[in-house]
Amino acid sequence: MREVAEAWRRERRRIAFVPTMGYLHDGHRRLLEEGRRRGERLVLSVFVNPTQFGPNEDFERYPRDLARDAALAETAGTDVLFAPTGAEMYPFGAPATRVAVAGLTQTLCGRARPGHFDGVTTVVAKLLHIVKPHVALFGEKDFQQLVVVRRMVQDLDLDVDVEIAGIETVREPDGLAMSSRNVYLDPSDREATLSLSRGIAWAREAVAAGERRAAKIAEVVRRSIEAHPQNEIDYVTIVDPETLADVEEIRGEARLVLAVRVRGTRLIDNGALRAC
């Protein structure tokens, strides 16, 4: 992969990169299509990264289908599918050196998944060094991850070589944010899962109507999600989109962020809120 990337750079080809854990869906296709538009060469990585899973999480059962992923990647115009093994990425076992972003990773998903973001930033740093892209594309559905990766790239001065591009969340026709973990969901729980996207839509309407109190908006969204007994809320809050700190009053742009377990399947979603 390094040899290919270095050859492309010598030819002054612009490299676009989409890092994933595989089991691709139309959200990933959207990232690849945008990467095809932004770059002359397109790389997709598929690697289920063990260092970002906790001891009681779903690493072993995380859905995998590399042949299916390769077919989707080809139709989206991918030039290289980079699918390293765990032994290739971590030849000495668990890495002794980790990349950690303080502050931004101690809140939201970081509270429920200690060590998760250290695993994310470590593997993303490795992938950026290997693939050497000019632009790397991440979905906004994982909003905290996007913010954390951008900060890591800035702090390590990697931004002189690579742009971190956030691409809007792709949703199913009824509004559910696309995720590889949606395969775990029972169809009978559809209404419960839709309470997340409907809560975001309601919050946007409330802000458009003049409501600025973040706690008031979050509380209404929380109650609508809790109306479904199979839903267990991790967090529902409104934050600054750069610092991820809670906001009291919505001024300019803020972000409603949610994490909810539906019968044990953890779903995350978010939406921009803009006060004119």
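Rounded to the nearest Hz, the phi-derived 3J(HN,Hα) couplings of the range 127-144 under the Karplus curve 6.51 cos²θ - 1.76 cosθ + 1.60 (θ = phi - 60°) are 5, 5, 5, 7, 7, 6, x, 8, 9, 10, 10, 10, x, 6, 4, 8, 5, 4, where x marks glycine and proline. Mean residue ellipticity at 222 nm, helices only, the chain: -11000 deg cm²/dmol; runs of at least 4 DSSP H residues each add -39,500 (n - 2.57), and the sum is divided by the number of residues. Near the amide H of Ser45, within less than 5 Å, lie the amide hydrogens of Val18, Thr20, Phe82, all on another chain or at least 5 residues away, with H placed in the peptide plane. Across every direction, the projection of the convex hull enclosing the Cα atoms of the range 1-95 has a mean area of 6.9 nm². Couplings for the range 30-47, taken from phi via the Karplus curve 6.51 cos²θ - 1.76 cosθ + 1.60 with θ = phi - 60°, read 4, 4, 5, 5, 5, x, 4, 6, 8, x, 8, 10, 10, 10, 10, 10, 10, 8 Hz in order; Gly and Pro are left as x.
Mind checking which of Leu158, Tyr235, Thr193 is farthest towards the positive end of the chain's charge dipole, using Cβ charges of +1 (Lys, Arg) and -1 (Asp, Glu) about the Cα centre? Of Leu158, Tyr235, Thr193, it is Leu158.
Peptides 226-232, 35-41, 67-73, ordered by how many other C-beta atoms sit within 10 Å of their residues on average, highest first, read 35-41, 67-73, 226-232.
Expressed in Å, the radius of gyration and Dmax of the Cα atoms of the range 47-190 are 16.1, 48.
Going from the fewest other Cβ atoms within 10 Å to the most, the residues Ser45, Ser197 appear in the order Ser197, Ser45.
Taking amide H as placed 1.01 Å from N in the peptide plane, the amide H of Arg14 sits under 5 Å from that of Glu40, Arg41, each at least 5 places away or on another chain.
Under 10 Å, Cα contacts only: if you run a Gaussian network model on the chain, which one of Arg181, Arg61, Arg13 comes out with the highest mean-square fluctuation? The residue that fluctuates most here is Arg61. Model label sites at Glu6 and Ala87, defined 7 Å from Cα along the beta-carbon direction, differ in position by 2.5 nm. Beyond 17 Å, the tail of the calculated P(r) for the range 173-276 holds 48 percent of the Cα pairs.
Estimated at 0.36 nm per residue, the fully extended path between Asp58 and Asp234 surpasses their Cα-Cα distance by 61.6 nm. Compared with the direct C-alpha span, the chain from Asp246 to Ala71 gains 58.8 nm at full extension, assuming 0.36 nm per residue. Between beta-carbons, use under 12 Å as the cut-off and find the net charge around Pro84, counting Lys and Arg +1, Asp and Glu -1. Residues close to Pro84 contribute a combined charge of +1. Put a plus charge on the Cβ of each Lys and Arg, a minus charge on the Cβ of each Asp and Glu, and nothing anywhere else: the dipole of the chain about its Cα centre is then about 240 debye. The length gained on full extension between Arg274 and Ala94, counted as 0.36 nm times the residue separation minus their Cα-Cα distance, comes to 60.6 nm.
Each residue of the range 245-259 was assigned a 3J(HN,Hα) from its phi angle through the Karplus expression (A = 6.51, B = -1.76, C = 1.60, θ = phi - 60°), giving 6, 4, 10, 8, 10, 7, 10, x, 10, 9, 9, 7, 10, 9, 9 Hz with x at Gly and Pro.
Each of [x] 18.9, 57; [y] 17.8, 52; [z] 17.8, 62 is a candidate for Rg and Dmax of the Cα atoms in Å; the one calculated from this structure is [x]. For the range 44-104, the Cα-based Rg and Dmax, in that order, read 14.4, 40 Å. Annotation: lysines with alpha-carbon distance below 30 angstrom to Lys216 (same-chain offsets under eight excluded): Lys141.
None of the figures in this text is laboratory data; all of them are computed from the coordinates on show. Computed from a predicted structure; not experimentally measured. Every residue, glycine among them, receives a Cβ derived from its backbone with ideal geometry; neighbour counts consider all protein chains shown.
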